1. Need one value: the accessible area of A:Y72 in square angstrom, 1.4 angstrom probe, rounded to the nearest 10.
2. Over the Cα atoms of segment B:134-272, what is the Rg over Rh ratio if Rh follows Kirkwood?
3. Taking each residue of A:156-164 in turn, how many C-beta atoms of other protein chains fall within 10 Å of its C-beta, and what is the average?
4. For A:R60, enumerate residues with amide H under 5 Å from its amide H, sequence gap 5+ or separate chain, H modeled in the peptide plane.
5. To the nearest 20 debye, what charge dipole does segment B:7-301 have about its Cα centre, counting +1 at the Cβ of each Lys and Arg and -1 at the Cβ of each Asp and Glu?
6. Which value results for Rg/Rh of chain B when Rg is the Cα radius of gyration and Rh the Kirkwood radius based on the inverse mean 1/r?
7. Please report the carbon-and-sulfur percent of the accessible area for segment B:7-301; probe 1.4 Å, protein heavy atoms only, DNA, RNA and ligands left out.
8. For B:141-148, what's the mean count of beta carbons from other chains sitting within 10 Å of each residue's beta carbon?
Amino acid sequence: MMRKTVLSVALGIAIMAPSAVMAQEVPPAAESGEAPGDAQVDRDAPVDWDREFGVVRKTRDPVTGEIPVDPYVQSDANAGASPFTGEGMARAFGGQPGIRRVVDRFVELNTTDPRIKAIFGEHDMVRLRRTLFEQFCLILNAGCHYTGRDMKSSHKGLGSTRADLNALVENLQQAMRENGVGFAAQNRFLSKLAPMDADVSERGEKRLLGKRR
Amino acid sequence: MATILTTGRRRAATRWSLAGLLALGTPLASPAQADETFDDAKLLLTNGVTSVEGASGGGLASWSTIAGRGTERAIGVSAHVTAIALPDYGWQSHGVSVGIHDRLELSYARQNFDTRKVGAALGLGHGFKFNQDIFSAKLRLAGDLVYGPQWLPAIAVGVQHKRNLDGAIVRAVGARSAQGTDFTLSASKLFLSRSVLVNATARLTKANQFGLLGFGGDKHGKHSLQVEGTLAYQLSRRLAVGGEYRTKPDNLGIAREDDALDMFVAWAPVRNLTVTGAYVDVGSIATFGGQRGGLVQLQLAF
Ligand code: HEM
């Protein structure tokens, strides 16, 4: 679960500083630290372990508030499902404003759900809210393009299981229900997401055969 | 991370005590691994209800579902009680199931079939009960009920070994044996785009009236191929309605046997309980025709 991190850690040293593996988001204002070399030697000052271990913090983009990710090719195909045709589904969700409410509530539920919040803890929820909105909006044919990563690479190494996926689906159902999406439309939307299971969660079969990843 | 682990353990501890309630006996894993043993994490209703033979599925059909609420890395358990009231008979069955890694299902069910007045008419005595034990295993070979490609249903094979406890009597009515084994092959899928669940099952069986009247007969003594189908509609996360049809052999010369059908409502008021109500039509049983009535089932699952 800890493998995806927003830090680049100098190789090898990370092992000695396990706490540095935890993601740390630094607001743009905090990046104005002293440049290396011009600090006075002060024995009482707390040790800057990040600098000692060569940790480079990625800072949030001052405009979007997002933490940059490694480069990838953008394409609607990354959304992992073909959009619905017609306007019915977009209408069932209340158009783009409705989809945004569903997504925001969905992310809120996931990040507070004791079953799965740990998986989201160290990740960029600002980016997730944007990319999820784009993905849902595209699939629901509500007039968006998806600029996020594909499902396989964005979930690689998260270690999420079928149980986690079911918890996430329950949260999505709750978010849709609270925002007035009818049950048949909820299921129709889920029919686009259900086939992504192998990309967004790990298969238990591996474990059955005794191979733990 | 420490807090995360603690939460996991505590949740698991609750599961343990709940599982204990089902009195399944020996723990299946050491407490150290408890946080993985019972995850109680299937989506509502996707563990199905319990069929008359004790396998998970619909009321009459055995589906490709695995009993209990455990997912691929966990174990699930379930227990059920079913009562069916027919014009001339009463049915009561109960049993327990274990689902291992959402892959292998092992179940036991006991059927008690009350002949009431018919018992006297047949010379067995008023309220004579036919009893049967059924030991079943089901293995999901491929696919998934909900996830994966839409075109790939969950596919499972099953065996149901039935031991009728009234051997002398079932042989007297013409059955060749008091024991028999059914073999099933099933495919089940919840088509989310339509909120519809479809199941189709092929069954090789010798059973007369599910085995309550023994196995094989003067008309036909070997296994025959029978089919069962289910069509259900999901109204909400907690509520589904549907219908089932099941063909049955007609092996005994003394009494015609008909196909069976049901129309059901399954409701999960809380995640660990499914209440099923159904209208059942099993046709003629031991020369008494028109056996149409009601079914009620309570199923607890973890
Ligand atoms: C079909 C179900 C799912 C869909 C449609 C979905 C969709 C998405 C999308 C669109 C992104 C953003 C990709 C990007 O940043 O470019 C994302 C990221 C993420 N998802 Fe999912 N997801 C699903 C299941 C899950 C599950 C089961 C979990 C874990 C419980 C999960 C946890 C995450 C996390 C932690 C991220 C952030 C990854 C990062 O920051 O690198 N997702 N998901």
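The values are calculated or read from the model by the stated rules, or taken from the named source; none is laboratory data. Being a predicted model, the structure only gives us computed values, none of them experimental. All Cβ positions, glycine included, derive from the backbone under ideal geometry; neighbour counts span all protein chains shown. Heavy atoms of the whole protein, side chains included, go into the accessibility calculation; ligands, DNA and RNA do not. Shrake-Rupley method; radii C 1.70, N 1.55, O 1.52, S 1.80 Å.
1. Approximately 70 Å² of A:Y72 is accessible to the 1.4 Å probe.
2. 1.05
3. For this peptide, the per-residue mean of nearby foreign Cβ atoms is 4.
4. A:V26
5. Roughly 320 debye, rounded to the nearest 20.
6. 1.00
7. 65
8. Whole-number average of other-chain Cβ neighbours for B:141-148 is 4.
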